[in-house]
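The values are calculated or read from the model by the stated rules, or taken from the named source; none is laboratory data. Just so it is clear, the model here is predicted, and its values are computed rather than measured. Glycine gets a Cβ as well: all are built from the backbone with ideal geometry, and neighbour counts include every protein chain shown. Each accessible area value is taken on the protein alone, full model and side chains, heavy atoms only, with ligands, DNA and RNA left out. Shrake-Rupley method; radii C 1.70, N 1.55, O 1.52, S 1.80 Å.
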Amino acid sequence: MNTIKKILTAFLVCALLCGCHSGKKTSGIIRIGIEKDYRPFSYSDDNKYVGYDVDIAKEIASRLGYKVEFVTKTADQLLKDLDNKKIDMLANQVEPDRETDKEVRYLYSTMYKCDYGVIVTNKGENNIKLFQDIRNRKTSGVKGTYWEYLDHFNGGLMTPVENSEDALNLVSNKKVVASVTDLMTYNDYKRRHPQSDVKIALMTSLIYDFSFLMRLDQTSLNNKVSRIITKMDRDGTMSKISKKYFEEDISKNKR
């Protein structure tokens, strides 16, 4: 009898140890990185995080069976946190640029948002007709975003700021010539600042798809998140959240 008890005890200890080192989440919390002030995608309202990215991230976490812990920092800081395993997923308008990446560093979920890129200038600026026209000219933008990449690719001399609001304010006040951002961010800014002295000088011919970002060792999580996004699309949840913030469905690519 004692021998059987010893065997059972050893088995249970082994099972517990194996479970602890299985790599599976056991805390019941998923840590999702969001930019701390990126209207209308993630921002604080009455001390609560709201926005398109936030609502979708909450729904995904709920369907995964986790509670959400949002980590709010600047875009470039969030990438470092993901690399260092301080967060589990990044919800921050990430464009899967697989064609230009020489080294695949991250996993991208199924797309959850599509949008055009725009160059925003002051209303008095009439010399930007192409993206290349920002070359060697002062621009503003947020570090760590896809729009920073597009700015640098076209030779802009970007002044880094903490959020898109600050970037567009610099344009309005003629501190910089232009800012590269997305159409939905510009539309939201104009709704809240109708007197702002800015305009869209140029819009991309391509519409960009955006995904949630995870590390290469998170294949299982990425697959689950992608399946949930697909289900949310089919059951109308994505469309409902999109229309809440934009009055249109930006969750589908309209190409």
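With a cut-off of 8 Å between alpha carbons and a minimum separation of six or more residues, what is the relative contact order of the range 45-158 in percent? Before the final figure, lay out the partial values.
Working: 74 pairs, mean separation 26.4, N = 114.
This gives 23 percent for the range 45-158.
Quick one: grab the alpha carbon gyration tensor of the range 171-220, order the square roots of its eigenvalues as a ≥ b ≥ c, and give me rounded if a/c is under 1.5, else prolate or oblate depending on whether a/b is larger than b/c. Walk me through the numbers on the way to the answer.
Values: a/c = 2.63, a/b = 2.47, b/c = 1.06.
In terms of gyration-tensor shape, prolate.
Run the simple label-point estimate for F153 and E247 please: 7 Å along Cα→C-beta, distance reported in nm.
3.1
Which of the helices in the chain, when you take each full DSSP H run, stretch at least 15 Å along the axis at their Cα atoms and have an average Kyte-Doolittle score of -1.0 or higher?
Details: long enough: 2-20 (27 Å, 1.54); 52-64 (18 Å, -0.03); 219-234 (23 Å, -0.71).
What comes out of the filter, once short or polar helices are dropped, is 2-20, 52-64, 219-234.
In whole percent, and with a 1.4 Å probe on the protein chains, what portion of the accessible area of the chain is carbon and sulfur?
51
Do you know the relative contact order of the chain, to the nearest whole percent, from alpha carbon pairs under 8 angstrom that are 6+ apart? Walk me through the numbers on the way to the answer.
Values: 448 pairs, mean separation 61.6, N = 255.
Reported as a whole number, the value is 24 percent.
By the gyration tensor of its Cα atoms, with a ≥ b ≥ c the square roots of the eigenvalues, what is the shape of the range 57-201: rounded for a/c under 1.5, prolate for a/b over b/c, or oblate? Don't skip to the end; give the middle numbers.
On the way: a/c = 2.20, a/b = 1.66, b/c = 1.33.
Prolate shape, in that a/c is at least 1.5 and a/b is the bigger ratio.
What ranking do 166-174, 64-72 get when scored by the average of other Cβ atoms within 10 Å per residue, highest first? Walk me through the numbers on the way to the answer.
Numbers: 166-174: 20.0, 64-72: 15.4.
Per-residue mean Cβ counts within 10 Å order the peptides as 166-174, 64-72.
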